[in-house]
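Participant: There's a structure below that I have some questions on.
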Amino acid sequence: MDLCPSIKNILLLDSEGKRVAVKYYADDWPSNSLKETFEKTVFTKTQKTSARTEEITMLENNIIVYKFVQDLHFYVTGGEDENELILFSVLQGFFDAVGILLRGNVEKKEALENLDLILLCIDEIVDGGIILETDASSIASKVATHSIDSGAPLAEQTISQALATAREHLTRSLLK
Amino acid sequence: MAQPIVKKDDDRDDEVEYSPFLGIEKGAVLQEARVFNDPQLDARRCSQVITKLLYLLNQGETFTKVEATEVFFAVTKLFQSKDNGLRRMVYLMIKEISPSADEVIIVTSSLMKDMNSRTDMYRANAIRVLCRITDGTLLTQIERYIKQAIVDKNPVVASAALASGIHLLQTTPEIVKRWSNEVQEAVQSRAALVQFHALTLLHQIRQNDRLAVSKLVTSLTKGTVRSPLAQCLLIRYTTQVIRETAVNTQTGDRPFYDYLEGCLRHKAEMVILEAARAITELSNVTTRELTPAITVLQLFLSSSKPVLRFAAVRTLNKVAMTHPMAVTNCNIDMESLISDQNRSIATLAITTLLKTGNESSVERLMKQITTFMSDIADEFKIVVVDAIRSLCLKFPLKYRSLMNFLSNILREEGGFEYKKAIVDSIVILIRDIPDAKESGLLHLCEFIEDCEFTYLSTQILHFLGNEGPKTSDPGKYIRYIYNRVILENATVRASAVSTLAKFGAMVDSLKPRIFVLLKRCLFDNDDEVRDRATLYLSTLGDGSVTETAKDVKEFLFGSLEVPLTNLETSLKNYIQDPTEEPFDIQSVPKEVKSQPLAEKKAPGKKPAGLGAPPATLSSTVDAFEKLLSSIPEFRNFGNLFKSSAPVELTEAETEYAVNVVKHIFDRHVVFQYNCTNTIPEQLLENVTVLVDASEAEEFSEVGSKPLRSLPYDTPAPTFVAFEKPEGVPAVGKFSNSLRFIVKEVDLATGEAEDDGVEDEYQLEDFEVVAADYILKVGVSNFKNAWETLGPDFERVDEYGLGPRESLAEAVNAVINLLGMQPCEGTETVPSNSRSHACLLSGVYIGNVKVLVRLSFGIDGAKEVAMKLAVRSDNEIVSDAIHEIVASG
């Protein structure tokens, strides 16, 4: 009996349902082929919806919240008893953090070129199913801090830029 | 919307070469990983290589043991670099590889150094990595640092340590439990997520100590928990405490309810939802308690956010199963959701409406649904079909329009699962609503005239064979069945032949005609079809209008004595070593093996999917009946009357978990003890329950069924049967102890030692009470049913119940005592009312329908008086009900 909210997986797929980055926390899908089948089912089931804003569905006793932008599809899966809004806060955190990290240029090509950032981002959001952080600017700043390369001013620039975007994002959400 | 996406895909084909991972190959990347060994590390390059490796793993590529080890050792070299970004990737890589114990030692010192670094990010991540890959022995070395980290002033470090603690508690609880003080301090943290993680860990450390959890909840619900996530958690813990205390005291005022209600006004929607859901799931929730929760959910229904609408309608859907009246206020909002863009929401709205609808709104709803059905996917349609089935069972008078709806959608396009759901529904309706039988059978006949699914055709033919002969004009089905013999594939033909034979055997007047048809089947080109026809022709007599002998019917259509799965394994074994001896059916074991496992899951399982209806009571009784009749010793006990809910006979988390299900027969009771062995190192054999029935005078033990072996974590039943006077609701108390032979199991090989030790384990007592002899069966119109039964065997009497805590508590107590089904929502007592009327219905042992009218009154001194009026078909039963109350 575990009452703590838990995340079963985080998926980032492209517009054909192929993996960009995925992370599974639950043992519901023990093999890679089962994982791929799940991704395929999720993708086909949600493909028809446009999901420019967030959307939600149920599949195999799981709740899946999702959001699409350009050719990227973001999914977060939780158990059927999970609080939908908790799952959604994770999705929102992931979605916005990726937006900050890719400097608003959220598309597959950019995501693959910055795959290290995406992977670190997922790592900062959930640890073994437990939610670590859902605030997009905190997540992004944690990931971005890591790209400080003391010797390289180029990377320095990246971090200040990322922080600026983070700040901008923060003010935007305050203005809303 | 699909258009632009497709177009984009076409463009992509040209762009594809821009992917940084195009043509990536494992071997090449592993070669590239050699740069990790360079004396002058190029941090950027190394980071890129790690990203590539992670990309491969992420795409499902796997490394062999050797490759993983090589990568791991190479990666450890990178700790020399001072580059933060690279270090972060190194952490990620180590977690992904999950090195073996002897490899972990290599990185331990580097990670421990990082754990004490001044950089917060190093500390946080090093802890997470180390805790992920470490084992118990190493943990004691680093325990000191983790304790420090838990109270670190940087929230990221504290969260990392706490989250790691939550994971470690699963593997090394004894160590993590020592961190209690630090965790408690962290609960007071100002950082939202630290508080959330600390609360999670603290609760998990204490979860087996009810008092401590209760204290924790009491203190926190008074204080201010800042983070919404932590608040949600606290709500969950609170409901758990409520659940556990509610069992002990059934007072009117629920502890902590005020806290939950207060959360409905929280500023975070997440918390509001959690609280609303918690309130709706309280056991025996009253209308007054429900109202504020329903109100906020109703507001959510018109939210612009799909997630919120979904959450609200899903919760209301669940409430509708138990308190349909409470949800009716939201019906207007719900009807507008039928056209919601999100089909999950629309389907949930429809099924909720189907549950809350009253008899008069059925037609209108069906009209709305018909248009809705055409544009949703099969899986949603199945949910709707299930909901319509339960609606039809609720309002049997409306079966015509609902049956019509089902037959219409049966004719439309649809996949196998969907069609199966419809056919199953029609079959259930035919079984439960006698008036619907003839029309339902005809709908099914029409369906098999044009059915592409062999499985469904054969199922329907089988069902037709059982039900068709019992109708007023069995002859009219023959044409449909014989058409199958002419038109279908061999499987369907064979089952059509069997169905024809059933008609011949059951309806004597049809026999000559059936014989003509069966004779034609002798020329079929399939062996099975010919064989069946020959068999039936030679056993059913000479084709004249004579009654078929009973033993012939039994031989042809009776059920098999052994479970099919057992027969299958026995036959497989027989084929494997061929002998001259013919197969002997007596050698097939009659024990049902895997059944109890599925059984245990079923009741505990929450209603699956989109508002699927809860498993009906009858279906679990069916399962029990099947299970019991498979045991030869109990087979002659007759029909199973009632199976009680499982009663726990052990505390949670003991070595052996046992619960008992009481099966009531006319002259017997059978106790099914479901045992679970929770010790991996033990195998129990020859498990029996020793029952002391000295406090149950009317019962005498007649037999038992020991459990041959009980391996770890595989629940299995053992049975004890008692005889009791026929039709008498004998009551009594039983004390039990579990007896078994313990054998040690070597965990490495999984094999048990040969010698065992006999042992005994004391279980708690339980009682057979009067309520066990009454089935909860509702009636849709109590007044009609009451009038129909008439006053012939009415018994009325008045009782003083003495001082009670509240009227609601008194009503509840009487309902529980009688074990009958409250009708028309009369089990809920409005607060502050001085009197209350309650309607109950049920079926008494011997299949006697019983209706009860209760009138309660309470005076200033909380003295409760009750008038009890009972009607049934049998005065003895009416008296027996009074007897129950008088002696209770």
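The values are calculated or read from the model by the stated rules, or taken from the named source; none is laboratory data. Bear in mind the structure is a predicted one, so any value in this text is a computation, not a measurement. Cβ coordinates were reconstructed from backbone atoms using ideal geometry, including for glycine residues, and neighbour counts include every protein chain displayed. Surface areas here come from the heavy atoms of the whole protein model, side chains and all, with no ligands, DNA or RNA. Shrake-Rupley method; radii C 1.70, N 1.55, O 1.52, S 1.80 Å.
Participant: Convert 20 °C to kelvin, take the viscosity as 1.002 mPa s, use the Kirkwood radius over C-alpha pairs of segment B:682-758 as Rh, and evaluate the Stokes-Einstein diffusion coefficient in µm²/s, rounded to a whole number.
Facilitator: So the translational diffusion coefficient is about 149 µm²/s.
Participant: Quick check of the Kirkwood formula: for segment B:25-67, what is the inverse mean of 1/r over all pairs of different Cα atoms, in Å?
Facilitator: Hydrodynamic radius (Kirkwood, Cα only) of segment B:25-67 equals 10.9 Å.
Participant: Over chain B, what portion of Cα pair distances is larger than 51 Å, expressed as a whole percent?
Facilitator: The calculated P(r) of chain B puts 35 percent of pairs beyond 51 Å.
Participant: Separate question: So what is the calculated 222 nm ellipticity per residue for the protein assembly as shown, using -39500 (n - 2.57) for each DSSP H run with n of 4 or more, over all residues, to the nearest 500 deg cm²/dmol?
Facilitator: Calculated at 222 nm, the ellipticity per residue is -16500 deg cm²/dmol.
Participant: Tally Lys/Arg at +1 and Asp/Glu at -1 over every other residue whose Cβ is under 10 Å from the Cβ of A:Gly78; what's the total?
Facilitator: Value of the local net charge: -3.
Participant: Rounded to the nearest 20 Debye, what is the dipole magnitude of the protein assembly as shown about its Cα centre when Lys and Arg each give +1 and Asp and Glu each give -1 at the C-beta?
Facilitator: 3340 debye
Participant: Which value, in debye to the nearest 20, gives the size of the charge dipole of chain B about its Cα centre, when Lys and Arg are +1 and Asp and Glu are -1 at the Cβ?
Facilitator: 3440 debye
Participant: Further, regarding this structure: With Cβ to Cβ distances under 9 Å as the rule, what net charge do the other residues near B:Ile858 carry (K, R +1; D, E -1)?
Facilitator: Computed value for this residue: +1.
Participant: Using a 1.4 Å probe over the heavy atoms of the protein chains, calculate the carbon and sulfur portion of the accessible area of segment B:294-408 as a whole percent.
Facilitator: Carbon-and-sulfur percentage of accessible area, whole number: 57.
Participant: Could I ask something else about it? Using only alpha carbon positions, build the gyration tensor of the protein assembly as shown, then give the equivalent ellipsoid semi-axes as the square roots of 5 times its eigenvalues, largest first, whole angstrom.
Facilitator: Listed largest to smallest, the semi-axes of the protein assembly as shown are 55, 38, 33 Å.
Participant: OK, next. Accessible area per residue of segment B:662-705 at 1.4 Å probe, in Å²?
Facilitator: 39 Å²
Participant: Holding the Cα-Cα limit at 21 Å, pick out from A:Lys67/A:Lys108; B:Lys355/B:Lys662; B:Lys662/B:Lys705 the pairs that are longer than that.
Facilitator: Result: B:Lys355/B:Lys662 exceed 21 Å.
Participant: Can you check what the Kirkwood hydrodynamic radius comes to for segment B:232-314, Cα pairs only, in Å to one decimal?
Facilitator: Result for segment B:232-314, one decimal place: 13.0 Å.
Participant: Per the Kirkwood formula on distinct C-alpha pairs, the Rh of segment B:40-111 is how many angstrom?
Facilitator: 12.4 Å
Participant: Based on Cβ point charges of +1 for Lys and Arg and -1 for Asp and Glu, what charge dipole magnitude is obtained for segment B:754-863 about its Cα centre, in debye rounded to the nearest 20?
Facilitator: Here segment B:754-863 has a charge dipole of around 1260 debye.
Participant: Which three extents, in angstrom, do the Cα atoms of segment B:65-217 have along their principal axes, listed largest first?
Facilitator: The Cα atoms of segment B:65-217 stretch 51, 29, 21 Å along their principal axes.
Participant: Now, a different point. Cα gyration tensor of segment B:809-868, axes a ≥ b ≥ c as square roots of the eigenvalues: rounded (a/c below 1.5), prolate (a/b > b/c) or oblate?
Facilitator: Verdict is prolate for segment B:809-868.
Participant: Also, quick follow-up: Take the Cα radius of gyration of segment B:691-831 and divide it by 2.2 N^0.38 Å, with N its residue count; two decimals is plenty.
Facilitator: Its radius of gyration relative to the 2.2 N^0.38 Å reference: 1.60.
Participant: FRET efficiency for B:Thr171 and B:Ser19, Cβ-Cβ distance as r, R0 = 51 Å, nearest 0.05?
Facilitator: In this case the efficiency is close to 0.80.
Participant: Normalising by the residue count of chain B, find the relative contact order in percent from Cα pairs under 8 Å and 6+ residues apart.
Facilitator: It comes to 5 percent, rounded to a whole number.
Participant: Got a sec? Which residues of segment B:80-104 lose 20 Å² or more of accessible surface with every protein chain in place, vs. that chain alone, 1.4 Å probe?
Facilitator: Correct list: B:Asp83, B:Asn84, B:Gly85, B:Arg88, B:Met89, B:Leu92, B:Glu96.
Participant: What is the Cα centroid distance between segment B:725-791 and segment B:570-590, reported in whole angstrom?
Facilitator: 36 Å
Participant: A further question on this structure: Subtracting the Cα-Cα distance from 0.36 nm times the residue separation, let me have the gained length for B:Ser361 to B:Ala101 in nm, one decimal.
Facilitator: 87.0 nm
Participant: Oh, and also: With just the Cα atoms of segment B:410-507, tell me how far they stretch along each of the three principal axes, in Å, largest first.
Facilitator: 36, 33, 15
Participant: Another question, then. So how much accessible surface do A and B hide from each other in total, probe 1.4 Å, in square angstrom to the nearest 100?
Facilitator: Its buried surface, counting both partners, is about 5700 Å².
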